[in-house]
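Novice: One structure, as structure tokens, below. Some questions next.
The values are calculated or read from the model by the stated rules, or taken from the named source; none is laboratory data. Note that this is a predicted model, so its numbers are computed, not measured. FYI the Cβ positions are ideal-geometry reconstructions off the backbone, even for glycines, and counts take in every protein chain you see. For accessibility, only protein heavy atoms count, side chains too; no ligands or nucleic acids. Shrake-Rupley method; radii C 1.70, N 1.55, O 1.52, S 1.80 Å.
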Amino acid sequence: MTKSESKRSGVSAGKCASAASAAEQVNNGSFDVGFPEPSPAAKAKVLKQTSKESLYRRNAECEVYDDGTNTFFWRAHTLTVLFILTCALVYVTLLEETPQDTAYNAKRGIVASILVFLCFGVTQAKDGPFTRPHPAYWRFWLCVSVVYELFLIFILFQTVHDGRQFMKYIDPKLGVALPERDYGGNCLIYDPGNATDPFHNLWDKMDGFVPAHFLGWYIKTLMIRDWWMCMIISVMFEFLEYSLEHQLPNFSECWWDHWIMDVLVCNGLGIYCGMKTLAWLSMKPYQWQGLWNIPTYKGKIKRIAFQFTPYSWAKFEWRPASDLRRWLAVLGIIFMFLLAELNTFYLKFVLWMPPEHYLVLLRLVFFVNVGGVAMREIYDFMDDPKFHKKLGQQAWLASAITVTEFLIVVKYDPHTLMLPIPFSVMQCWFLGIFLILIWTLWRFFIRDITLRYKETRRRKQETPVDWDRQLGNGSPGAAGAAGAAAAVGVAGAAAAAGAAAAAGAASGRSKLNGSSDTLRQRKS
């Protein structure tokens, strides 16, 4: 059910102020009834823990202002969708004649089953972290993720021949082996031997993948929201292409195609534009007002355009070197990103799909829509595990889809994957993995042990001097200290005697129950 915008505003505002929520409860005294009010020491402890755990979230989260307008666009339409779906099924059952084509009926039945599932999911599925342009949009892609994962599982359980021939039911042109295009060969940027067009090698590389690279990395930057992680993934994928060009000829490219066209021009420009967009989104004021509450037409058009921007914004602070858990999480994210990139090339290779086929494009559009939600859920789960106790549903499905795609590649063409890797390439990868392992051990184990040892030594050196032990050693300092202590003791005794004498004079000597000699002894 779609929640009202006012409720979503309260939830989002709570997220933006989650860093100070516990502190406000302590200050305002808003504890549950039936529990004793905590002591001032307990309040101070809660405030200290809250400030330590959520200080960075105060700077990362935004502030959202919403007037709470709830229009027809935001209301639930479960009964409307159910009525339309029932009318469609009644029409097919009573008014439409069923064809006698078995294959056609099977296809239509599968499509109808998927549509019914999508209608149920769009109206009844759980909302994710995104609400713009509409929560139903993200619920739709969640259901598409379930359908795609089920399709991959079905393909995985088929034989290699049956799986490739099954693709003909989707498109009769599929199911035919296709040659891979080699982007290498003549790598001269300027070919003096070709008088007609010396730059023909450069123009040959200018195909539809150039804008696709730029747009893809622009969107990936909006997903990851970190310049360093994007650059690492971009450079790592080029190393993977170098390493795997003996398996797929498609990975064989010229050096300037790898590092100039891909890393610097397409990927670098996409990352730069993405970071500029992130800066604008982080500075943009998030003040929402109902469309009918805006008096001018210009304001209404602007409000409609902003409907396709985020409802609120949170800056991602990955901080991989802060602790071991975050470091392993960032490594896992980079690994899954690279695996999903490789699956794009290997899947079309093992399933015999040309690069320009619409199924390849649909898969990319699918990951564009589910990737942003998955990254936000992964970040929330990693950043605040006390509140987000389990991995989000879209992140879970995206991970399962990536792994299933790789398993299909392993089953359908193990010979290509088992081709021997060149020894020099293996040396480079082993060296890189070894360096990462050594840095991990030093940063999170050896360095911490060293810092604890130094801290222990520093505390021991700052410990106060043990007076009794120094007195036993008989040092001049100890003797002086002992003399000072004795003087203090004598002065204290004299003061006590004077106080007792004053008390005796005031109350009478008869109360001491003794003679004058006894009194003198007591005074002395």
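Novice: Please compute the Cα-Cα pair-distance distribution of region 201-261 with 5 Å bins starting at 0, giving whole percents from short to long.
Specialist: Using 5 Å bins, I get a P(r) of 4, 15, 23, 25, 20, 10, 2 for region 201-261.
Novice: If you stretched the chain out fully between residue 88 and residue 449, how much longer would it get, using 0.36 nm times the residue separation minus the C-alpha to C-alpha distance?
Specialist: Details: separation 361, 0.36 × 361 = 129.96 nm, distance 6.84 nm.
Result for the pair: 123.1 nm of gain on full extension.
Novice: Determine the gain in length on full extension of the stretch residue 366-residue 303; use 0.36 nm per residue of separation and subtract their C-alpha separation, reporting nm with one decimal.
Specialist: 20.0 nm
Novice: Tabulate in residue order the Karplus-calculated ³J(HN,Hα) for region 417-426, using 6.51 cos²θ - 1.76 cosθ + 1.60 with θ = phi - 60°, rounded to whole Hz; enter x for Gly and Pro.
Specialist: 5, 8, 4, x, 7, x, 4, 5, 5, 5
Novice: Something else: For a bin width of 10 Å, list the pair-distance distribution of region 301-389 built from all Cα-Cα distances, rounded to whole %.
Specialist: 13, 33, 28, 22, 5
Novice: Please give, to one decimal in nm, the separation of the simple spin-label points placed at residue 433 and residue 407, each 7 Å out from Cα toward the Cβ.
Specialist: It works out to 2.2 nm between the two label points.
Novice: Follow-up. In debye, nearest 20, what is the charge dipole magnitude of region 291-377 about its Cα centre with +1 on Lys and Arg Cβ and -1 on Asp and Glu Cβ, if you could check?
Specialist: The calculated dipole for region 291-377 is roughly 500 debye.
Novice: Let me ask something additional. With the crude spin-label approximation of a point 7 Å out along Cα→Cβ, what separation in nm comes out for residue 231 versus residue 419?
Specialist: Result: 3.3 nm between the two label points.
Novice: Okay, next question. Could you tell me the center-to-center distance, by alpha carbons, between region 117-169 and region 86-113 in angstrom?
Specialist: Between the Cα centres of region 117-169 and region 86-113 lies a distance of 21 Å.
Novice: If I take R0 = 41 Å and measure r between the Cβ atoms of residue 113 and residue 334 in this structure, what FRET efficiency does the formula 1/(1 + (r/R0)^6) give, to the nearest 0.05?
Specialist: Rounded to the nearest 0.05, the efficiency is 0.65.
Novice: What ³J(HN,Hα) values, in whole Hz, does the Karplus curve 6.51 cos²θ - 1.76 cosθ + 1.60 give for region 89-106 when θ = phi - 60°, with x put for Gly and Pro?
Specialist: 5, 5, 5, 5, 6, 9, 9, 9, 7, 6, x, 9, 8, 5, 5, 5, 5, 5
Novice: Quick one: which residues, 5+ away or cross-chain, put their amide H under 5 Å from the amide H of residue 288? H built at 1.01 Å from N.
Specialist: Excluding prolines and chain starts, which carry no amide H, the hits are 65, 66, 67.
Novice: Under a Cβ-only charge scheme (Lys and Arg +1, Asp and Glu -1), can you give me the dipole magnitude of region 139-278 about the Cα centre, in debye to the nearest 20?
Specialist: Dipole about the Cα centre, nearest 20: 680 debye.
Novice: When a/c is below 1.5 the answer is rounded, else prolate if a/b is larger than b/c, else oblate, so apply that to region 159-255 with a ≥ b ≥ c taken from the square roots of the Cα gyration tensor eigenvalues.
Specialist: oblate
Novice: Per residue, how many Å² of accessible area does region 183-258 show with a 1.4 Å probe?
Specialist: With the other protein chains kept in place, region 183-258 gives 48 Å² per residue.
Novice: Could I ask something else about it? Does region 332-452 come out rounded, prolate or oblate, given a ≥ b ≥ c as the square roots of the eigenvalues of its C-alpha gyration tensor, rounded meaning a/c under 1.5 and, failing that, prolate meaning a/b above b/c?
Specialist: oblate
Novice: Rank 410, 446, 423 by how far each Cα sits towards the positive end of the charge dipole of region 392-471 (+1 on Lys, Arg Cβ; -1 on Asp, Glu Cβ) and give me just the farthest.
Specialist: Toward the positive end, the furthest listed residue is 446.
Novice: While we're looking at this one, here's another question. Could you tell me which residue out of 133, 105, 88 lies farthest along the dipole of region 85-177 toward its positive end? Charges go on the beta carbon: Lys and Arg +1, Asp and Glu -1, centred on the Cα centre.
Specialist: Farthest along the dipole direction, towards plus: 133.
Novice: Further question on the same structure: Could you give the length gained on full extension between residue 321 and residue 462, defined as 0.36 nm per residue of separation minus the Cα-Cα distance, in nm?
Specialist: On the way: separation 141, 0.36 × 141 = 50.76 nm, distance 3.04 nm.
Net length gain for the segment: 47.7 nm.
Novice: Which of the listed residues, 247, 296, 229, is farthest toward the dipole's positive end in region 217-321, when Lys, Arg count +1 and Asp, Glu count -1 at the beta-carbon?
Specialist: 296
Novice: Separate question: Could you derive backbone 3J(HN,Hα) for region 204-214 from the dihedral phi with the Karplus parameters 6.51, -1.76 and 1.60 (θ = phi - 60°), listing whole Hz in sequence and x where the residue is Gly or Pro?
Specialist: So the J values, rounded to whole Hz, are 5, 7, 7, 10, x, 6, 5, x, 5, 4, 4.
Novice: Moving on. With a point put 7 Å past each Cα toward its Cβ, work out how far residue 101 is from residue 169 in nm, to one decimal.
Specialist: 1.5
Novice: Another question, then. Report the charge-dipole magnitude of region 58-134 in Debye, nearest 20, computed about the Cα centre from +1 at each Lys and Arg Cβ and -1 at each Asp and Glu Cβ.
Specialist: 160
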